[in-house]
Amino acid sequence: MKKKVLIEGMSCGHCVNHVREALGEIGATEIEVNLEGKYATLEIGESVTDEKIKEIIDEYGYEVVGIEEA
């Protein structure tokens with residue numbers, strides 16, 4: 001399932017790598033993080049809930065402001 005995650009708090013390339021790493025931890029693939037647009041797109045299995053995506057991003061210090069199917 002393809003998701004678009006709207007993320008606040010990213011300000012540099014290091015943040016992009018950090019978000020990519022976080023999403024990879026929960027099994028996401030095809031991860032693309034857009035710093036200027038403040039979002040990430042990813043492919044994730046049906047078993048991973050939006051809440052789990054939000055939790056891992058929060059753990060890394062960023063804020064999810066929305067998740068939508070892409």
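The values are calculated or read from the model by the stated rules, or taken from the named source; none is laboratory data. The model shown is predicted, which means the values in this text are computed figures rather than measured ones. Using ideal geometry, Cβ is built from the backbone for each residue, glycine included, and neighbour counts are taken over all protein chains shown. Keep in mind that these areas ignore ligands, DNA and RNA; they rest on the heavy atoms of the full protein, side chains included. Shrake-Rupley method; radii C 1.70, N 1.55, O 1.52, S 1.80 Å.
Check whether at least one residue in the stretch 39-47 is at negative phi, open to solvent by 40 Å² or more (accessible area, probe 1.4 Å), among the aromatic types (Phe, Trp, Tyr) and at pLDDT 95 or above, and report yes or no. The answer is yes, given that some residue of the stretch 39-47 is at negative phi, open to solvent by 40 Å² or more (accessible area, probe 1.4 Å), among the aromatic types (Phe, Trp, Tyr) and at pLDDT 95 or above. Exactly one residue out of 55, 69 is touching a residue at least 24 places away in the same chain (Cβ under 8 Å) and over 17 Å from residue 11 (Cα atoms): that is 69. Of the residues in the stretch 1-30, how many are β-branched (Val, Ile, Thr) and either loosely packed, with under 15 Cβ neighbours inside 10 Å or more than 16 Å from residue 68 (Cβ to Cβ) (or both)? Counting residues in the stretch 1-30 that are β-branched (Val, Ile, Thr) and either loosely packed, with under 15 Cβ neighbours inside 10 Å or more than 16 Å from residue 68 (Cβ to Cβ) (or both) gives 4.
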